[in-house]
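Following this message is one structure expressed as structure tokens.
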4 protein chains.
Amino acid sequence: MTEPDHGLSFPTSLGTSTADEIRLLGQDLTADLMGQVGFGELAFWLVALRRPTPGETRVFEAVLVALADHGFTPTAIAARLTYLSAPDSLQGALAAGLLGGGSRFLGVTEDCGAFLHEALQRHEGDLPTDDAGWDALALEVVAEAKAAKRYVPGLGHPVHKVQDPRTPVLIGIAAEEGLRGPHLRLFEAIGRVHEQVLGRRLPLNGAGVCGAALADLGLPVELLRGFALLARAAGLLGQLAEERRRPIGMDTYLTVDRHAVYVDPT
Amino acid sequence: MTEPDHGLSFPTSLGTSTADEIRLLGQDLTADLMGQVGFGELAFWLVALRRPTPGETRVFEAVLVALADHGFTPTAIAARLTYLSAPDSLQGALAAGLLGGGSRFLGVTEDCGAFLHEALQRHEGDLPTDDAGWDALALEVVAEAKAAKRYVPGLGHPVHKVQDPRTPVLIGIAAEEGLRGPHLRLFEAIGRVHEQVLGRRLPLNGAGVCGAALADLGLPVELLRGFALLARAAGLLGQLAEERRRPIGMDTYLTVDRHAVYVDPT
Amino acid sequence: MTEPDHGLSFPTSLGTSTADEIRLLGQDLTADLMGQVGFGELAFWLVALRRPTPGETRVFEAVLVALADHGFTPTAIAARLTYLSAPDSLQGALAAGLLGGGSRFLGVTEDCGAFLHEALQRHEGDLPTDDAGWDALALEVVAEAKAAKRYVPGLGHPVHKVQDPRTPVLIGIAAEEGLRGPHLRLFEAIGRVHEQVLGRRLPLNGAGVCGAALADLGLPVELLRGFALLARAAGLLGQLAEERRRPIGMDTYLTVDRHAVYVDPT
Amino acid sequence: MTEPDHGLSFPTSLGTSTADEIRLLGQDLTADLMGQVGFGELAFWLVALRRPTPGETRVFEAVLVALADHGFTPTAIAARLTYLSAPDSLQGALAAGLLGGGSRFLGVTEDCGAFLHEALQRHEGDLPTDDAGWDALALEVVAEAKAAKRYVPGLGHPVHKVQDPRTPVLIGIAAEEGLRGPHLRLFEAIGRVHEQVLGRRLPLNGAGVCGAALADLGLPVELLRGFALLARAAGLLGQLAEERRRPIGMDTYLTVDRHAVYVDPT
């Protein structure tokens, strides 16, 4: 490859650079961003292509803080075991941990945001204005989900069986910042009414409320899982730092290996 | 597995939870952290096990902002191509992008921090107090590296051949916050004196100054690559959001595939 | 962790070892497997828990050979770019390449096998005995898919627009080995009749016929993607070996980067 | 991107295709390879760019069989935990397992092959012709490694403390096929003499003998880890198939999580 081909063109609004200047999002990286913009703020901006307000940043970072680490999750353990096997490749251990960020343990944030978003889009132009209205809409939405044998994401938690402590706190922060929007309103209403349809009372979980809050910030619902992954990247770094200081990977491996029991496959 | 085995014990200082409460780093997640602590602040805390000061947070976030996105890097392109092939797995595309965070394109931050750290440890208890002293130490360090045929990390940049604009800005931010410590001082001195040893003048690059600044914050040098990866995770989310809006993955693939030329292996 | 906990038990039929012996699948690894069993044969056995016959091995390996490498695919390019960035971590480059093995570029094998399997299960106990019967069933299946607005996997190919050369060859090999079973029969019938329903003639593609053949071997349809990934692992090794000998990663990166065009996001 | 740029050129000796034909390694995929060439044979060919002889194929596949699965290794557990968290992404679980294929648990094959290769290159043109000669060379090589405080790869095993059963079997297979070359000869000699230098007798381990055998096949020593990864890909498929049938991921996670003990970080 020698000369540029003027027929080729790869458009971007993100980073570009010349010998003297680095630009990002149309800003001068060193004059406008470094030291002036927080990391969470930049992460929001990179996806939404607009700088969040201070209130939006506070809600957004509260979500990232809420999702960063949940202790010895399967993904944290997978990252630590990978680091044990390949300590020369921190990026591999981090990637292994993130690869567990799929449908079951990290997908609720996205599923919940998308579920609420879809329901709101179906009723666009006709959204409720008070709690009674939201309750009516929530009833309809939960009943539709039940009829279609779809599960309602964001309901229930294996540990926090009565209330997930993150839920009221995140709603409170969003309210303080004037950002308790339709996704959160509908999610709260689902929390009030789902028992009438489903026959049992489940808590609104933290992963779900995070999805609702992110959707209210106007972030694209197809990428909400990405923010959970970003939050988890910080948590996994903490897990790997701890694995260096006080390892549990070898004990985890030996615990499983020493209790292996051979089962005849036939 | 039914009953807990009281002989097993997996220690952690990170996340734990009960039915009512979620704790992280010894704090109550909802009362002490959400809405009170920024995301960058938490990331620092998770690794260092201490809450950074506001000045430390500013320097730390300036580093993350500096490293978040560099446009169409090999890792950004790899993430976009992976997303093109497997759009159902955002975590896979993000992981693919991070896997390029190895020795060549993302390793300079860690290599530079570690190089400086090691030099400072060899002279512990005898560190310079003025620029002349730092220059003398830098001369010694660069000469030793040359003699050992080791390269000095943090010198030179393929695009910013005279000066990397990030370098003076990050040093300035660290100075404003009273955090221009020995790693940065030594790095600056290397910038002043290396020409005497190596015979040509190279700029101090941005990845290197980020490593020096992180090391001055007291973060473990063996994990500095991890912060570059965290920063890059945000940048990759931006890249993947853009790939959804204005894709370049298919054109990249077709550009390569259509210009494939078969070469007889024999 | 000191003593084993007799309450814990992790069952497996795969590898176990003692000081003197290594067992795998209930066999003595060194006496029964090494030098006696081919690698493809073992891969089949590891998933199916039974040793394939020579005929099954031949069909199975023909599938793996068919899927191993397709030149400069997005996944091959992603692996090479990752190797360029992190040459110290071959496992990372290989993993990055495999992560593109998702729904779009590598999923057809599994989707096709699963689609055929489901159709056959719905008509279990009532399967056709001649081509006319298979055609009737295929008509029904394609019409149902069209009515449900589902796509029929295995039809069409961006390059092989008339016929995919792998399709008749793999069917021929299966026939030679007496392994042209119901999945392949139904797939062939879909090839004959789909035009009546869909209004245009599409070729049966190679990824699809591979899925049909694997399903006829009795392999679990939920894991068919795994065999495509195994095949691709060999292809990616070839790509990475070539990247060492005659690299294209840097040129790919530079081609994209040099043709980057900044687009104002607002 | 519209028209090809004739200045661009991406050379390859691997897969290419036209509307009618798929070529791989200069062969017609369907006429020359499918049904004619085994999968292991093709994997060798893809890296070495030459078709292995039947004897080479037998040794090569014996190595892959030896390395495919070792039961509940850290990488197998990491893959299973990732599958538990993200069952929708088999490629992610497989990739997570391979990411543990680094220096500690899977690197010995490559390290050993490279160590032997380097020693042989230093004595090229002057290689021993009998066991006494190999012993003398081995003594020199082990003494040099000790003097340089380098470890000798391929010595010792945590479980097979006296003899690794794979070692004599693989040497035997190589001898049967006339492929017991200089890497294996030197490795065997190291097994005989190292005690004189290191002061204790260690077994030649299976990962090491596999590296020696692969190097004797003329495969590039910088890529030997890649064959271990390919072998492991088959083993991981077996582990994931078993995780579907008889899961241990959830129990592993719960075992760790339920025995978490909070440690004050200060």
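The values are calculated or read from the model by the stated rules, or taken from the named source; none is laboratory data. Keep in mind it's a predicted model, so treat the numbers as computed, not measured. All Cβ positions, even for glycine, are placed from backbone atoms using ideal geometry, and neighbour counts span all protein chains on display. These accessible areas exclude ligands, DNA and RNA; they are computed on the full protein's heavy atoms, side chains included. Shrake-Rupley method; radii C 1.70, N 1.55, O 1.52, S 1.80 Å.
Quick one: which residues, 5+ away or cross-chain, put their amide H under 5 Å from the amide H of C:LEU155? H built at 1.01 Å from N.
So C:LEU155 has HN proximity to C:ASN205.
Dipole magnitude of chain C about its Cα centre, charges +1 at Lys/Arg Cβ and -1 at Asp/Glu Cβ only, in debye to the nearest 20?
Numbers: 23 positive and 33 negative charges, 206 e Å.
The calculated dipole for chain C is roughly 980 debye.
Using the Cα centre of chain A as origin and beta-carbon charges of +1 (Lys, Arg) and -1 (Asp, Glu), tell me which of A:PRO182, A:ALA147, A:GLY7 is placed farthest towards the positive end of the dipole.
Farthest towards the positive pole: A:ALA147.
Also: Run through segment C:1-72 and list the GluC sites (Glu not before Pro) located in a DSSP loop whose Cβ has at most 15 other Cβ atoms within 10 Å. If you can, show how the numbers build up before the last one.
Working: sites: C:GLU21, C:GLU41, C:GLU56, C:GLU61; in loops: C:GLU21.
Qualifying residues, ordered by number: C:GLU21.
P(r) for segment A:9-51, please, calculated from all Cα pair distances in 5 Å bins and given in %.
Calculated over all Cα pairs of segment A:9-51, the distribution is 6, 22, 31, 24, 12, 4, 1 percent.
Could you state how much accessible area B:CYS112 has, in square angstrom rounded to the nearest 10, with a 1.4 Å probe and all protein chains kept in place?
The value for B:CYS112 is about 0 Å².
Taking a 1.4 Å probe, which of A:ASP130, A:ASP69 shows the most accessible area, and what order do the others take after it? Present the calculation step by step, with values, prior to reporting the outcome.
Values: A:ASP130 80, A:ASP69 10 Å².
Sorted by accessible area, descending: A:ASP130, A:ASP69.
Can you list, shortest first and in nm, the gaps between the label point of B:ALA143 and those of its counterparts in the other copies, using a point 7 Å from Cα in the C-beta direction?
Spelled out, the distances from B:ALA143's label point are 3.6, 8.6, 9.1 nm.
State whether the protein assembly as shown is rounded, prolate or oblate according to the following rule on the C-alpha gyration tensor (a ≥ b ≥ c being the square roots of its eigenvalues): a/c under 1.5 gives rounded; otherwise a/b larger than b/c gives prolate, and the remaining case gives oblate.
Values: a/c = 1.39, a/b = 1.05, b/c = 1.32.
Judged from the Cα gyration tensor, the protein assembly as shown comes out rounded (a/c under 1.5).
Tell me which residues come under 5 Å, amide H to amide H, from D:ASP164 once H is placed; ignore anything under 5 positions away on its chain.
Those lying under 5 Å, H to H, from D:ASP164 are D:LEU204.
Separation of segment D:128-176 and segment B:30-84 by C-alpha centroid, Å?
Using only Cα atoms to place each centre, the spacing works out to 47 Å.
At a 1.4 Å probe, what is the % contribution of carbon and sulfur to the accessible area of segment D:86-222? Spell out each step's value before the answer.
Values: 2860 of 5500 Å².
Using a 1.4 Å probe with all protein chains present, segment D:86-222 comes out at 52 percent carbon and sulfur.
Taking 0.36 nm per intervening residue step and subtracting the Cα-Cα distance, what contour gain separates C:ASP130 from C:SER9 on full extension?
Details: separation 121, 0.36 × 121 = 43.56 nm, distance 5.00 nm.
Contour length minus Cα-Cα distance gives 38.6 nm.
How many angstrom lie between the Cα centre of segment A:213-261 and the Cα centre of segment A:182-207?
Cα centroid to Cα centroid, the span is 27 Å.
Once a ≥ b ≥ c are taken as the square roots of the eigenvalues of the Cα gyration tensor of chain A, is the result rounded (a/c under 1.5), prolate (a/b larger than b/c) or oblate (a/b not larger than b/c)?
Working: a/c = 1.89, a/b = 1.08, b/c = 1.75.
Cα axes put chain A in the oblate bin.
When the Karplus curve 6.51 cos²θ - 1.76 cosθ + 1.60 is applied with θ = phi - 60°, which whole-Hz ³J(HN,Hα) does each residue of segment C:107-120 get, with x for Gly and Pro?
With coefficients 6.51, -1.76 and 1.60, one gets x, 4, 3, 5, 4, 5, x, 5, 4, 5, 4, 5, 4, 5 Hz.
Which FRET efficiency, nearest 0.05, do B:THR53 and B:GLN27 yield, Cβ-Cβ r, R0 25 Å? Can you show the working numbers first?
On the way: r = 17 Å, r/R0 = 0.67.
Here the calculated transfer efficiency is 0.90.
Is it possible to state the helix-based mean residue ellipticity at 222 nm for the protein assembly as shown, with each DSSP H run of 4+ residues giving -39500 (n - 2.57), the sum divided by total residues, to the nearest 500 deg cm²/dmol? What is it?
Working: 44 runs with 596 residues, N = 1064.
About -18000 deg cm²/dmol.
Accessible area per residue, 1.4 Å probe, Å², for chain B: what's the number? All intermediate terms of the calculation are to be shown ahead of the outcome.
Values: 9310 Å² over 266 residues.
Computed with neighbouring chains in place, this is 35 Å² per residue.
Collect residues whose amide H, placed 1.01 Å from N in the peptide plane, falls under 5 Å from the amide H of B:ALA260; neighbours closer than 5 in sequence don't count.
D:PHE10
How big is the B/C interface in buried accessible area, both sides summed, 1.4 Å probe, to the nearest 100 Å²?
Values: alone 15270 and 15280 Å², together 27430 Å².
Protein heavy atoms only, the B-C interface buries about 3100 Å².
Now a separate question. 7 Å from Cα along Cα→Cβ at both A:ASP88 and A:ARG104: what's the point-to-point distance in nm?
Using points 7 Å along Cα→Cβ, the separation is 3.3 nm.
Quote the accessible area belonging to C:THR266 in square angstrom, nearest 10, computed with a 1.4 Å probe and with ligands, DNA and RNA left uncounted.
150
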